[in-house]
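The structure appears right after this line, and notes come after that.
The values are calculated or read from the model by the stated rules, or taken from the named source; none is laboratory data. It should be emphasised that the depicted structure is a prediction, and the values quoted were computed from it without experimental measurement. As a convention, Cβ positions derive from the backbone with ideal geometry for all residues, glycine included, and neighbour counts pool all protein chains shown. For the accessible areas, the whole protein counts, side chains as well, though only heavy atoms, and no ligand, DNA or RNA atoms are used. Shrake-Rupley method; radii C 1.70, N 1.55, O 1.52, S 1.80 Å.
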Amino acid sequence: MKGNAALAPIAVFFVLLIAVSCSDNKPAPEKTDPKTEKLTLLPGFRAEHLYSPSENEMGSWVSMTFDDKGRMIASDQYGYLYRLELPAIGTDSIASKVKVEKLKFNLDTAGAAPPEKLEMGYAQGLLWAFNSLYVVINRYDNDTILSRGSGLYRLQDTDNDDQFDKITLLKQMSGYGEHGPHSVVLSPDKKSLYVIAGNFTKIPEMNAYRNFPDEQIDNLLPLIKDPNGHDNTVGRHGGWIAHVDSTGSYWELISSGFRNAFDLAFNDEGEMFTYDSDMEWDFGTPWYRPTRVCHVTSGSEFGWRPGTDKWSPVFPDNLPAILNIGQGSPTNVTYGGNARFPEKYRKALFVFDWSFGIVYAVHLKQAGASYQAEGEEFISGSPLPLTDGSVGPDGALYFLTGGRRLQSDLYRVYYTGDLNNTPEAAPAITAEQKLRRELEAYHGKPQAGAVDFLWPHLKHPDRFVRYAARIALEHQPADEWKEKAYQEKDPVTVIQAGIALARKAKAKDKDHIIKMLLGVDYGALSESQQIDLTRAFELVFARMGMPDAAGKAAAIAYFNPRYPANGGNELNRQLSKLLVYLGDPQAVENTMAILPGAKDDNSAGQQTLTNSSDLIMRNPQYGLDIAGMLAKLPPLQQTYYATVLSSAKSGWTPELREKYFKWYYDAFGYKGGHSFVGFINGARKMALENTPKSQQAYYNTISGDSLVVGAVAGPNARAIKPKGPGRRWTLDEAVKVADSGIVQRNFKVGRDMFDAALCSSCHHMRGEGGTSGPDLTQLGSRFSYKDMLEAIIEPNKTISDQYGATVFYLKAGGSVVGRMIGEDKDKYVISQNPFAPQVTRDIPKKEVARIRMSEVSTMLPGLINRLNAEELKDLLAFLKAGGNEKDTIFSAPKP
């Protein structure tokens, strides 16, 4: 599947209908296919359902491309490659006229797999280019069906018999699963490739690097890793994009710091864009970042880091999104350049959301060296788990649904009116874009004349130009320009040079860099420049360590009078973090003075296209859920201050400690994402370690230790017994019950069965429940009843790598099984009880011979076997409605 694996807790989308009037295609007859009837399209567009792979025993398709004969090639997520010949737009009885063949491979004996193995498949990325099929394989290490591991492969037909007879591994990749290697895309000049991978994929050795993925966290906020173990076993560089030649012999890293971007596309100007995922478990925390469209430039960094230490988009050493969408699971990104659409949509990016079944049209407008972007809903449906898409040779937009063995379908959307597009002149890049590209020519290696050329642009008013200039500077040896930096008088140039020195100079230069930064007239800076300056100091401290006593005193004297600031929250976050780190005697008192009344703002610039509060009255299915979340939404700024103070060892009085720890007691009552309570509890425990041991029991009590289990498990941990009589449900029997009709169901019984079947012990629903399994609030927006029942009755059939167990084979013999939630150089940390995920066990690495992913789900089988048919219907209705009592699937309560 191309998308974020976890289930998002809120369905958010924004509908903007645009009247359009043109197309060369004849209007087609009224829609009658139920699969297209569920789609919402803009006026003038029509959808056709072409094929159902899952109904034809061909799996669940997640990737596609078109070959040089106009045929589609697609891949099952866990199986074969297929080639399709598709009928023309408007053909009657389309599905019966689609020709599908399973690809065969005529390999010689040396290159062939054993007979019991699959030659090629499991592709999350497909591209036809250079008379070859490029395939990005993404597979689990313990998979026994596919003969080849994760990586980029090239398939060729050397004897022109229309079958592939040569398979070449271009690059092995260490990573797999829903955050593993993803897509391969042709460059704008059609001379090379780009490859994109998620944050569970290690960056392989490259020939060249345009940015510096050096595994540095670069954040002084106390690190609390995800309490549910999501990203605790992977590197700190995040997802990445590489530029590759057609033979796979030369690889150059272009960008990193994504969470789990799946795909990328280029616009008419040759600029690159991707759609990065959020971490929905972080919702309600100050480090949450919504799904977002990013303009990917040379050497760019986007700041994904583990747990609490994700970078703010205002940090000058990473780039911001051009459009924040909201919650969701990003998959495909396609540019409409070759689409036979009205010009507005031909020049749009189309980005896919798997969770909520929405294709957004993103409209780009040049703005300096980058872009401004506006979005609108282009296609939507429920369920519509979107995986991949492409503009076909006929100018229609083709797209797939499926992933995770869900029901899979192939559609196309085309325009039905008159197309009177006036040919436009080739797009001209802006002066700032031209300058940015000139600076980017100095990325990658030291070059003569680079410093003289880039230096004046370190103070350029355009952020993307400044960024390109600084990255060019960092590619030049620091010893050749550090003295120039020390002599610089312009404050913005000093700040940018200070950031570069913090990243590239040696620790012995620390005192010189601090002195240089302290020479900046703080009061003469704008607020954004003050943030940049605090960030420069933070990078010096994070990379080079605490300054000596004199340097520390000077830094405290510099920042203390400016805190708290009258500006936005981002500046105060930086100041609080620096002063607590430096041990300012007044930092605790000053922070506690503003913590209780701190209000949230949008100084980080993360306003989303899908504004949650605007959706309460727009969408009855999700409105109450959104309203409930917003009614108990955690205060982000207060949470940030509390987390900063968790590392403060001095400056406390008994009164301040009492006030601080009582804040946590109230915080456990807020509703956030899957990991919110764990983050809050992690900060609380860290703070307790900094109290006198004789007082820790008291502060532990008043800070809400007794509330932690209840806040995680929620009120659904009740002893409810079904009436029965139950049965040993098979999938076929259960599907028949669902197909018999699920209307006018009983909400209370459905909720009770959610508890009785132990669903609430492991799963969140509307902010309540367990944490060892996915949040199920939005299950109904993408899963059919059959999909739900299959997951319940046959839990081993599809196991997400985010929730799967790992088998640890011990050197002394025997094995241990558990869900790995953490890892360091000495040990693995696992959770073995899904009903008590906070109880962990350490396994020393020196005792482990090997590990593999378990083929047995941590979800227990037979959980619905105590339910009768009517109780099963009520449970399915509860799941489909996402726990929303006002959903029309439920009958009105009797008076």
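The figures follow:
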read-out: Shape metrics for the stretch 401-479, restricted to C-alpha atoms - Rg then Dmax, Å; value: 22.2, 63
read-out: Residue-span extension gain [Ile429 to Lys515] - 0.36 nm each, minus C-alpha spacing; value: 27.0 nm
read-out: Over the chain: helical MRE at 222 nm, DSSP H runs n ≥ 4 each giving -39500 (n - 2.57), nearest 500; value: -7000 deg cm²/dmol
read-out: Kirkwood Rh and Cα Rg combined as Rg over Rh, evaluated for the stretch 490-600; value: 0.96
read-out: Net charge dipole size for the stretch 313-383 [Lys, Arg +1 and Asp, Glu -1 on Cβ; Debye, nearest 20]; value: 300 debye
read-out: Order by protection proxy (mean Cβ within 10 Å, highest first), peptides 289-300, 730-741, 497-508; value: 289-300, 497-508, 730-741
read-out: Flagged links, alpha-carbon separation over 18 Å, of Lys38/Lys99; Lys736/Lys873; Lys723/Lys748; Lys786/Lys873; Lys99/Lys797; value: Lys38/Lys99; Lys99/Lys797
read-out: Asp68-Leu633 pseudo-label distance in nm [points 7 Å out on the Cα-to-Cβ vector]; value: 5.4 nm
read-out: Additional length obtainable on full extension of the chain from Gln607 to Glu870, 0.36 nm per residue less Cα span; value: 90.3 nm
read-out: Whole-number D in µm²/s for the stretch 435-546 (Stokes-Einstein; Kirkwood sum over Cα pairs; 20 °C, 1.002 mPa s); value: 154 µm²/s
read-out: Sum of side-chain charges, His512 neighbourhood, beta-carbon under 14 Å (Lys, Arg +1; Asp, Glu -1); value: +1
read-out: Rule-of-thumb Rg ratio for the stretch 844-886 [Cα; 2.2 N^0.38 Å; N residues]; value: 2.04
read-out: In Hz, Karplus ³J(HN,Hα) per residue of the stretch 266-280 (6.51, -1.76, 1.60; θ = phi - 60°; x = Gly, Pro); value: 10, 8, 5, 7, x, 8, 9, 9, 9, 10, 9, 8, 8, 10, 5
read-out: As computed over the stretch 123-242, the Cα convex hull volume per residue (Å³); value: 127 Å³
read-out: Cut-off under 5 Å, modelled amide H: who pairs with Glu823 long-range; value: Val829
read-out: Counted charge near Tyr664, where neighbours are those whose Cβ lies closer than 12 Å (Asp, Glu -1; Lys, Arg +1); value: +2
read-out: 19 Å Cα-Cα reach of Lys825 towards aspartates and glutamates, excluding residues that sit fewer than 8 places from it in its own chain; value: Asp214, Glu215, Asp226, Asp231, Asp842, Glu847
read-out: Long-range amide H partners of Tyr335 with built H, under 5 Å; value: Phe266, Phe350
read-out: Nearest-10 value in Å² for the accessible area of Leu863, using the 1.4 Å probe; value: 40 Å²
read-out: Exposure rank, largest accessible area first [Ile429, Ile254; 1.4 Å]; value: Ile429, Ile254
read-out: Sequence ranges 664-672, 647-655, ranked by mean other-Cβ count within 10 angstrom, highest first; value: 664-672, 647-655
read-out: Largest to smallest principal axis extent of the C-alpha atoms in the stretch 634-787, angstrom; value: 67, 29, 24
read-out: Debye intensity ratio I(q)/I(0), log10, the chain, q values 0.09 Å⁻¹ (C-alpha model); value: -0.97
read-out: Nearest-20 debye value, the chain charge dipole, Cβ charges on Lys, Arg, Asp, Glu; value: 1900 debye
read-out: Convex hull volume of the stretch 302-405 per residue (C-alpha atoms, cubic angstrom); value: 130 Å³
read-out: Solvent-accessible area, 1.4 Å probe, carbon plus sulfur percent, for the chain; value: 51 percent
read-out: Quotient of Cα Rg and 2.2 N^0.38 Å for the stretch 243-372, N being how many residues it contains; value: 1.08
read-out: Average accessible surface area per residue within the chain, 1.4 Å rolling probe, Å²; value: 38 Å²
read-out: Distance between modelled label sites at Leu169 and Glu57, nm, 7 Å Cα→Cβ extension; value: 3.2 nm
read-out: Inverse of mean 1/r across different Cα pairs in the stretch 189-256, Kirkwood, Å; value: 13.6 Å
read-out: P(r), alpha carbons of the stretch 118-192 - 10 Å bins starting at zero, rounded %; value: 20, 49, 26, 4
read-out: Sites Ala367 and Lys506 - FRET efficiency at Förster radius 30 Å, r taken between beta-carbons, to 0.05; value: 0.20
read-out: Quotient of C-alpha Rg and 2.2 N^0.38 Å, computed over the stretch 327-379; value: 1.16
read-out: Added length on full extension, which subtracts the Cα-Cα distance from 0.36 nm per residue, Asp92 to Asp161; value: 21.7 nm
read-out: Nearest-0.05 FRET efficiency for Asp842 and Thr701, computed from C-beta distance (R0 25 Å); value: 0.35
read-out: Dipole of the chain [Lys/Arg +1, Asp/Glu -1 at C-beta], most positive-end residue of Gly368, Thr840, Gly882; value: Thr840
read-out: Ranked packing of 513-526, 91-104, 263-276, most packed first, by mean Cβ within 10 Å; value: 263-276, 513-526, 91-104
read-out: Base-10 log of normalised Debye intensity for the stretch 323-471 (one unit scatterer per alpha-carbon) at q = 0.09 Å⁻¹; value: -0.42
read-out: Cut-off 15 Å (backbone N to label point 7 Å along Cα→Cβ of Lys344), residues of the stretch 375-393; value: 375-379
read-out: Ratio Rg/Rh [Cα only; Rh per Kirkwood] for the stretch 371-431; value: 1.08
read-out: Environment charge at Gly545 (Cβ cut-off 14 Å; Lys +1, Arg +1, Asp -1, Glu -1); value: 0
read-out: Rg over Rh [alpha-carbon atoms, Kirkwood Rh] for the stretch 774-813; value: 1.18
read-out: Dipole magnitude of the stretch 174-267 about its Cα centre (Cβ charges: Lys, Arg +1; Asp, Glu -1), debye to nearest 20; value: 100 debye
read-out: Estimated D of the stretch 175-323 in µm² per second, where Rh is the Kirkwood radius over Cα pairs and Stokes-Einstein applies at 25 °C, 0.890 mPa s; value: 158 µm²/s
